[in-house]
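Each reported figure results from applying straightforward, stated rules to the coordinates on display, with no laboratory input. Keep in mind the model is a prediction, meaning the values are calculated, not measured. We place every Cβ from the backbone using ideal geometry, glycine too, and count neighbours over all the protein chains shown.
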Ligand SMILES: Nc1ncnc2c1ncn2[C@@H]1O[C@H](COP(=O)(O)OP(=O)(O)OP(=O)(O)O)[C@@H](O)[C@H]1O
């Protein structure tokens, strides 16, 4: 009798494809021996954080680079090593990783950091989820930081999404302004937008001294190496020989993006498993690429209002039916008006459509560029999709009203 004979037959207890799928989860933090090609960047982050090991204030640091270039990984990995080294000398370092795409207000950021560092038994204070004003959350944060840590490292991912950069000024000057007395705070800001510091307010720009670091995309060979070091996510012999090189090549097409490479590999395994295949082969990888791109795009536009989807759909139709890739606001607006009419939506003004296009540009769904030196960015901007139109369409048509309209247009 096998070990599984008495188990509920409704479920599966073996996984013929994955030995440990968690190694491919985006939140998984690989050990230093699985990190490829980032020695210099790791050293630079270590240099900035080094004072923390002795309980002193680290240097603040901004890290820039395209998506999937290891910015969060290196920040988290080095921070953890700092924490462990500091601990050997009895120095308490804690860190808070905040995704500013999800939490972008001053109060929510302060509250989250306070909740992470606070130990009520040591500090004698609590950090309630709601009910305090921003000023009170700050007060409790300073108390929690002073009473529970020697150094707090605050990692702000997608820092360009911050609603108000005042929080950077207050955190970075907490020691100087005597908000905290026995501890210190270091900030690591992470962004895909290299020009992000230009958009900081003058107050913050002048007060926040920092180091800056740029992460370049990986080449296909580095992506192969990154994937090879996660091969043990699969059972021996499950991956066909060409799977890792093909995955790396596909992920390197736009820019060498390790997140995409890992996502494709994981999705390829899942697709193989779903098909009850005992091996992952090149076709699974190709299907996985499409799924990965659609999932990502879906994540970007999830939560966008239907009007924004109608505008994106207008841009998609224009792109599909033309050799051009970029379209002026006016042309997109005319196409949108037609679509909105067919969908029986209220037709928005051209100015509002322009604003929505700018928002989508900000969210990296499309790219908008101002042409020439025309007045106001609105009327003179041109916009293009950043993703393949067939993928964009596939995702947009998950909205049933757009799907019906698309079907009707094609059959007419
Ligand atoms: N040098 C590397 N070695 C091993 N794995 C890596 C490396 N760089 C990135 N990865 C893996 O790729 C994925 C994406 O990395 P990470 O989240 O750090 O990228 P990022 O630059 O912060 O991207 P984003 O801007 O999209 O947040 C993670 O699963 C990470 O473990």
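Tabulated data for the structure shown
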quantity	calculated
Computed label-point distance, nm, for sites residue 295 and residue 344 using a 7 Å Cα→Cβ extension	3.7 nm
Relative contact order (%) - criterion: Cα under 8 Å, at least six apart; region: the chain	16 percent
Highest-first arrangement of 36-46, 308-318, where packing means the average Cβ count within 10 Å	308-318, 36-46
Length gained when the stretch residue 228-residue 81 is fully extended (0.36 nm per residue, less Cα-Cα span)	50.5 nm
For the chain, Kirkwood radius (reciprocal of mean inverse C-alpha pair distance, Å)	24.2 Å
The chain, helix-only ellipticity at 222 nm - DSSP H runs n ≥ 4, -39,500 (n - 2.57), divided by all residues, nearest 500	-14500 deg cm²/dmol
Cβ crowding within 10 Å averaged over residues, with 48-61, 68-81 ranked highest first	68-81, 48-61
Contact order normalised by residue count of region 38-215, Cα under 8 Å, 6+ apart, percent	33 percent
Relative contact order (percent, whole number), region 218-300, Cα cutoff 8 Å, 6+ residue spacing	32 percent
Contour minus Cα-Cα distance for residue 119 and residue 362 (0.36 nm per residue)	83.7 nm
Cα shape, region 38-215, gyration tensor, a/c 1.5 rule	oblate
Radius of gyration, Dmax [region 218-300; alpha carbons; angstrom]	11.8, 35
